[in-house]
Amino acid sequence: MKKVIEGSHAVSEAVRLARVKVLSAYPITPQTHIVESLSEYCADGSMDARFMCVESEHSAMASVIGAASGGVRTFTASSSHGLALMHELLHWASGARLPIVMAEVNRALGPGWNLWMDQTDSLAQRDTGWIQLYCEDGQEVLDTTIQAYRLAEMVNLPVMVVLDAFFLSHTYEPVNVPDQEQVDRFLPSYVPRIQLDTANPCALNQMAPPPVYMEMRHSTQMAMEQVPRLFKQVEDEFFSIFGRAYGPVETVLCEDAEIVMILTGTAASTCRQVISDLRSKGEKVGLLKLKMFRPFPTELIRKILEPIQKVAVVDRNFSFGASGIFAQEIRAALCNYPEHPPVFGYITGLGGRDVTPEILEDIYWRTRNNATPKAESQWVGLDQEIVES
């Protein structure tokens with residue numbers, strides 16, 4: 001059934017269809033609409049689930065860790081400072097190998113106080129052991145959330161489904177919402193591999209001394225390394241039922257491109273039009289949309305970018321003292337090749353500022369007209385009066 005819904009409610013519909021049993025969240029803009037809708041589903045009987053109202057995001061994650069340890073399908077959502085407050089427990093969720101799914105609506109961190117789009121909040125959690133999947137539109141949000149449960153339960157790792165604040169979370173667009181029967185065919189009832197059981201008492205998450213701790217972390221890494229293969233399997237099965245697939249990356253007109261622009265989220269939609277406009281002028285430019293950030297699809301990125309002359313990475317985030325985070329990852333993926341394209345890093349769109357076609361064209365021409373990058377990161381779209389004041 002096709003519905004016109006906002007991106008937040010695309011998440012809610014997917015969680016309902018996934019037959020989640022325990023949800024817990026603390027409201028924080030811009031993710032609040034997700035859990036408001038889910039609380040209504042729980043109240044009116046649309047979902048056979050328990051919604052746990054808690055006093056903080058730290059408690060929300062603690063609650064779903066407890067529920068997942070008990071062997072049920074769980075969900076939570078957060079943004080910005082709420083996600084930062086969860087940071088300690090994100091490590092516990094992945095270390096305990098729990099298949100929790102969380103929607104993370106990208107929002108800037110303060111100060112200054114800002115409610116709008118910025119990827120630094122989710123990327124600051126990149127070392128916590130969570131799979132991270134970034135979405136471009138409402139349909140991808142719904143499909144990815146359903147897929148996330150299948151993937152999480154296959155590999156026993158938590159998954160963060162990431163979407164842009166307001167540009168996606170609060171924007172209405174047509175979304176195909178599948179029937180429950182279709183989703184049940186794709187996502188069977190959850191059979192936990194790790195579970196608290198009163199008939200077989202045990203303790204979880206106990207002291208891990210030096211002789212075992214390193215092996216535990218190695219096991220998590222081995223699970224992460226299985227994700228690309230299992231993600232493809234999940235997407236292939238999803239495509240066979242629903243006719244949609246996205247891949248860990250998507251390429252647009254990269255086959256003969258001399259310059260490839262790399263983006264994530266809704267800015268990739270804007271770049272699609274920019275690429276089309278530049279192509280009409282004879283420019284050999286392509287787009288690489290990055291969906292999977294953790295684990296990072298290094299081999300796939302290398303294969304796509306190896307024949308390219310220049311790479312332009314557009315980051316809506318920043319690692320202070322270094323550069324844009326996606327640009328860092330792309331450079332690391334390419335560095336061991338003796339011959340690889342220079343990576344031009346650009347920072348724009350922080351704190352909800354628009355990433356306009358004009359900005360993306362400017363980035364293209366800066367890359368086109370320079371043999372090497374002028375800096376690790378070039379900031380594009382700054383208000384010079386504010387900078388110089």
Exercise. Output the qualifying pairs, or none if there are none: Cβ atoms under 8 angstrom, residues six or more apart or on different chains, first residue in the range 312-325 and over 12 Å from GLN378 (Cβ atoms) and of a type outside the set (Val, Ile, Thr), second residue at pLDDT below 95 and buried (at least 22 other Cβ atoms within 10 Å of the Cβ).
Key: none
Quiz item: Which pairs have Cβ atoms under 8 Å, sit 6 or more apart or on different chains, and link a residue in the range 176-198 that is under 18 Å from GLU153 (Cα atoms) and in the same structural domain as ALA68 (by TED's automatic domain parsing) to one that is β-branched (Val, Ile, Thr) and part of a loop (DSSP other than H, G, I, E, B)?
Solution: TYR190/VAL72; PRO192/VAL72
Quiz item: With respect to GLU136, is the statement that it is within 11 Å of the chain's Cα centre (by Cα) and within 24 Å of GLU235 (Cβ to Cβ) true?
Solution: yes
Quiz item: Take the residues of the range 68-124 that are polar (S, T, N, Q) and more than 30 Å from PRO201 (Cβ to Cβ): which is surrounded by the fewest Cβ atoms within 10 Å (Cβ to Cβ)?
Solution: ASN114
Exercise. Output the number of residues of the range 342-356 satisfying the condition of being crowded, with 22+ Cβ neighbours inside 10 Å and at positive phi.
Key: 1
Practice problem: Within the range 230-241, identify whether any single residue is of a type in the set (A, V, I, L, M, F, W, C), exposed (fewer than 14 other Cβ atoms within 10 Å of the Cβ) and modelled with pLDDT of 95 or more, and answer yes or no. | Solution: yes
Practice problem: Filter the range 112-153 for residues that are under 21 Å from GLN182 (Cα atoms) and either in a loop (DSSP other than H, G, I, E, B) or charged (D, E, K, R) (or both) and give the result. | Solution: GLU140, ASP143, ARG150, GLU153
Quiz prompt | Residue identified as surrounded by 10 or more Cβ atoms within 10 Å (Cβ to Cβ) and outside any helix (DSSP H, G or I) among TYR213, TYR246 | solution = TYR246
Exercise. Looking for whichever is surrounded by fewer than 21 Cβ atoms within 10 Å (Cβ to Cβ) and either more than 18 Å from TYR134 (Cβ to Cβ) or within 19 Å of the chain's Cα centre (by Cα) (or both) here; the options are LYS310, LYS284, LYS291. Which one fits?
Key: LYS284
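Buried (at least 16 other Cβ atoms within 10 Å of the Cβ), aliphatic (A, V, I, L, M) and not in a strand (DSSP E or B): which single residue out of ILE386, ILE363 fits that description?
The conditions single out ILE363.
The values are calculated or read from the model by the stated rules, or taken from the named source; none is laboratory data. Just so you know, these numbers come straight off a predicted model, no measurement behind them. A quick note on method: Cβ atoms are made from the backbone with ideal geometry, for glycine too, and the neighbour counts reach across all protein chains shown.
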